[in-house]
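Worksheet: one structure, shown below.
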Amino acid sequence: MGVLKRSTRNARWIERYCRVPEGRDVGRALKLRPFQRRILRLIYDNAAGTRTAIVSMGRKNGKTTLLACLLLLHLAGPEARPNAQLYSAAQSRDQAALLYGLAAKMVRLSPDLAGHVRARETAKQLLCPELGTVYRALSAEARTSYGISPTFVVHDELGQVRGPRSELYDALETAVGAHEEPLTVIISTQARRDEDLLSQLIDDAAAGHDPHTVLALWTADPELDPFGAKAMRQACPAYRDFLVAGQVRQLAERARRMPSREAAYRNLILNQRVADKAESWLTAALWRSAQADLDLAGYAGRPCWGGLDLSLTKDLTALVLAFEAGARRWDAFAWHWMPGDRVAEACETDGAPYDAWRREGFLRAPPGPVVDYARVARELAGLCELYRVREIAYDRHKVELLRHELDRIGQRVPLAPHGQGFAKSSETGMWMPGSIEETEAALLEGRLRVARNPLLTWCAGNAVCVPSSLEPADRRFDKRRATGRIDGAVALVQALGAATRLPRGPRKIRFERLAVA
């Protein structure tokens, strides 16, 4: 028999010693798919010798599991070199821990590997004492990347790097240059912009300038229907295999019905470059499907949760209460306030019929040049007495004005701060991406009914989402890019965030008296 190719030898080793680390087949021998064998051939059968391998595909296609196999292959398998240092690099501690965790599980599940490889959980290290090899997970959040000398480096989800440079990437790539045959493996979904580091690396590899760099790229043709099966298959090599096709189609359908999800869907699932941009939050059809003729008089005994979006003294203030209407089902009602003396001017500046909404009872606009926070405080306290208000999520903007009025009239309300950006509230854990996600799920699944309110409809139609620079699936509202005021939409999302953050059932209600500091 002839000598086995490196890729064949390595594939056989992986399938003999590596186990499925989690999921329905956990503990079983790992079976490499054809696309995974193709990746091994690209890396290990390159006649010129591979210095850098770039692998890019949509999420949930087993990228991290394959990485764990490669790590073990170089730690204790036929690619291992005595006393070698191996590192994986990720942009966050959580991502770094994920790769380490999968590799450690594979070791524990394999009787052969468990006898030769040790895990140091606190240090996120794997060691093979017989060979003197050691692997460690690094993150961009830790300043520990200098003074090392790796022979094998993995860059996990490098597409999260914004801009053309990464200090951690540069440090590790400089360090591997001290060895004769180092190997760097980059496995990631694509970055969103052409100027980002991963995009530049992919473009250079695709141009074929360096025979020591190989590229395996699965991405959907931008000319295809992004919600069609053909696009999904192009970007997801595990489509209809361990990546459940029904789940991908569900994500596509959500993105079709929820415009603010489309950019993240195209980037994370179709593996396309999608530049940061603001996206309309809802389609008109989806919002119409949630509208209902509801009578507030019938909700006096039901528990509810609120969202309060406070305003500048001359702008719109909004409150939404979401009442329980069954298992994880909600009925929502909205209240809005505006200074009465501002209505005529705001009709022109905002292009909205505030005067009509005031006549129809959808806008509270008592006489005066500024928001009457005394009235808002009285009405808020009255609603808390009339209904079983468990919690009201509020933003911190202008809250001191409301605090003063609540303290002056001696009222207590169950308030809970709600983060407005990408950071969670340190007190409650509530944040805008999570609350937007909960609201969207309730809308898409038909679990949220909204009492007809043209002012709230206008706010929802104006709402625009922007993605996080680190995680495009996380989105928040951006009032600067909105087409009009969005206060009611913000209050609705905060109400659903409060309603869904805690287990249902009896619990102690924490009433907070807001005293002036």
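The values are calculated or read from the model by the stated rules, or taken from the named source; none is laboratory data. From a predicted model like this one, the values you see are computed outputs, not experimental measurements. Reconstructed Cβ throughout: ideal geometry from the backbone, glycine too, with neighbour counts over all protein chains shown. Just the protein is used for accessible areas: all its heavy atoms, side chains included, with ligands, DNA and RNA removed. Shrake-Rupley method; radii C 1.70, N 1.55, O 1.52, S 1.80 Å.
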Return a yes/no flag: does the stretch 67-81 have any residue that is open to solvent by 10 Å² or more (accessible area, probe 1.4 Å), modelled with pLDDT under 95 and not basic (Lys, Arg).
no
Which condition number in (1) open to solvent by 60 Å² or more (accessible area, probe 1.4 Å); (2) touching a residue at least 12 places away in the same chain (Cβ under 8 Å) is the one that Ala292 fails?
(1)
Just one of the numbered conditions (1) open to solvent by less than 20 Å² (accessible area, probe 1.4 Å); (2) outside any helix (DSSP H, G or I) is not true of Asn46; which one?
(1)
When (1) modelled with pLDDT of 90 or more; (2) on the phi > 0 side of the Ramachandran plot are applied to Met338, the one that fails is (2)
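Check every one of the helices (runs of 4 or more DSSP H) wholly within the stretch 357-459 and list those with 1 or more residues that are closer than 23 Å to Arg481 by Cα.
On the way: elements: 373-386, 399-408, 432-444.
Per the criteria, 432-444.
When you go through Glu223, Glu173, Glu180 one by one, which is the residue that is within 20 Å of Ser92 (Cα to Cα), of a type in the set (Asp, Glu) and out of contact with any Lys or Arg (no Cβ under 7 Å at 6 or more places or on another chain)? Write out each step before concluding.
Numbers: Glu223 fails: within 20 Å of Ser92 (Cα to Cα); Glu180 fails: within 20 Å of Ser92 (Cα to Cα).
None of the others qualify; the one that does is Glu173.
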Every residue from the stretch 169-201 that is assigned to a helix (DSSP H, G or I), open to solvent by 10 Å² or more (accessible area, probe 1.4 Å) and in contact (Cβ under 8 Å) with a residue 40 or more places away in the chain
Tyr169, Leu201
For the structure I just gave you, tell me whether Leu126 is of a type in the set (A, V, I, L, M), more than 30 Å from Gln272 (Cα to Cα), in contact with a strand residue (DSSP E or B) (Cβ under 9 Å, 6 or more places away or on another chain) and open to solvent by less than 70 Å² (accessible area, probe 1.4 Å).
yes
Can you tell me which residue among Ala482, Ala442, Ala473, Ala460 is free of Cβ contacts under 8 Å to residues at least 24 places away in the same chain, in contact with a helix residue (DSSP H, G or I) (Cβ under 7 Å, 6 or more places away or on another chain), open to solvent by less than 50 Å² (accessible area, probe 1.4 Å) and not charged (D, E, K, R)?
Ala482
Is it the case that the stretch 400-418 has a residue that's at pLDDT 90 or above and in contact with a His (Cβ under 8 Å, 6 or more places away or on another chain)?
no
For the stretch 286-319, enumerate the residues that are within 25 Å of the chain's Cα centre (by Cα) and either over 17 Å from Ala491 (Cβ atoms) or of a type in the set (A, V, I, L, M) (or both).
Leu286, Ala290, Leu308
